[in-house]
Amino acid sequence: MSATDFQSESFADEKRRVAALHALALLDSEPEREFDALVALAAEMLGCPIALMTLVDSDRLWIKAATGGERGEISRDIGMCAYTIQNDDPLVIDDLDVDSRFAMNPLVMAERGARFYAGAAIHAIDGRGERHAIGTICVIDTAPRSLNDAGRRALMHLATLAETAIAARSAANQAIAIATTADRQAAALERQDRIFRQAERMAAMGSWQASLDHQEMAWSDGVFHIYGLPVGPVPEMEIAMGFYPPHARDELNASMASTLETGRPFDIEVDFLTAKDEPRRVRVLGELEIDNNKAVGFVGVFQDVTERHALETTLRRTADTDSLTGIANRAAFDRVLDRAISRAHAEGTPLLLALVDLDGFKAINDTLGHTAGDDVLRGVGRELQAQWLMGSFVARLGGDEFAVLIEDPVLAATPARICARLEESLRFPISMNGLAMVSAGTVGIAALTPDCHSIRDFVHRVDTVLYQAKRARVGERRRSDRRSAA
């Protein structure tokens, strides 16, 4: 192939890629909660202050969603995302300032400019079934850093979620358009019905219609499939609503009532049980059906989003969990403690915080090895989830530091007993390669007082108690050593 032929083919590929992007009607569009939630999740999981979802047009980058809510466009020439869409693997640049492609980039040279970038391409399928990279999900930091394999995998998972959301959005828009105009397009009904069924199969969804009094209802085949019912007569409204747990049923009824009152469409995700009692997660979209400027009923789309919801839940749980012990990490602890402090002040309920610091943990690591040290940390995690703690929130703050947040009124009434019992439970033997040692820990515990309103003040107060307890323990050990020597 000659250079001219290669350039011609590349131009044709780019033209089809841009056409696939424009066909989605995502450029210059209003904010959408799926994508706003996705960039927020990306920033939280990868620990970066900035996360973006960008769409790469022919001459610009359109920022569809951003952690700070900023949207708009920048020139394609200065964006890193134009490079990202050229590869199937994530593009990770530890330090943009030393990369010859970006060192002179105005986004990098600006005060507190970008220094770290990691992005994965987002793809879409065009009308001919061809797959094109149309944009990216990316994170940016103002300081150099790196991204491990787990972070790269998470970035790819997030890109997959974006692709699923885009496909579902496209299919849902198409399905709603078909559902609301089908009765006025009788001549094209057969063709539209085929397209609609294809969209239902592709997106695991169906359409529904209901009169305002719910006496007349219609479901497409896709709705019957999600319910786990054979295609046939539509069940009465009371029976159909019985497939939702009470809390989900209340939310759906409230959404329909709000739409009837305000005229604004609703879009909710709720729990659902199929005819075989299989728990699912469904998305329900609905809007008023208007005839001669009068509301005559509802029309909408019903979609099974169980797999996507499970993936999002797993990603969030991973972001909040300490991988070694299986309990919460520092980020989750800060969020839970902040809410607990506000709740305790508002409701006048007790709140105790216990900080745990392991004694001699470095000696265990040095003597028995890091495998034994990891066993100790896992053992502490198990002990802190004992039944006697009444489901108290526990977290590993880092290294050999742990925290227990106690809100149970009966348990919180006995801080000294909690402290003693925790220290007792943290004493357990650990052995490796014929050597044995004893793990132990010191506990500092204090109650929230009316004058304490911040995480920092509360943790500092308990940390002071912990420090005093460790000093007392060291002094007690020295006195014991002197008595033994005498």
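Tell me the angle of helix 415-425 to the major Cα principal axis of the chain, expressed in degrees between 0 and 90 and rounded to the nearest ten. Between helix and principal axis, roughly 90 degrees. Charge tally for Arg249 (other residues, Cβ to Cβ under 13 Å; Lys, Arg +1; Asp, Glu -1): -4.
This ranking places Cys81, Cys419, Cys138, Cys48 by how few other beta-carbon atoms lie within 10 Å of each, fewest first, which gives Cys419, Cys48, Cys81, Cys138. The spread of Cα positions in the stretch 318-367, taken along each principal axis and listed from longest to shortest, comes to 49, 26, 12 Å.
Cα gyration tensor of the stretch 335-486, axes a ≥ b ≥ c as square roots of the eigenvalues: rounded (a/c below 1.5), prolate (a/b > b/c) or oblate? Taking the square roots of the gyration eigenvalues as a ≥ b ≥ c, the stretch 335-486 is prolate. Counting every alpha-carbon pair across the stretch 1-127, the share separated by more than 17 Å comes to 64%. Projected over every direction and averaged, the convex hull enclosing the alpha-carbon atoms of the stretch 227-277 yields 4.1 nm².
Shape class for the stretch 61-183: prolate, because the ratio a/c of the largest to smallest gyration tensor axis (alpha-carbon atoms, square roots of eigenvalues) is 1.5 or more and a/b beats b/c.
Considering the stretch 205-304 at the alpha-carbon level, its Rg and Dmax are found to be 12.9, 41 Å. The alpha carbon radius of gyration of the chain, expressed as a multiple of 2.2 N^0.38 Å, is 1.25. Take the Cα of Asp291, step 7 Å toward its Cβ, do the same at Ile74, and the gap between the two points is 5.2 nm.
FYI, it's all coordinate maths here, none of it is from the lab. Just so it is clear, the model here is predicted, and its values are computed rather than measured. Because the Cβ atoms are built from the backbone with ideal geometry, glycine has one as well, and the counts that use them run over all protein chains shown.
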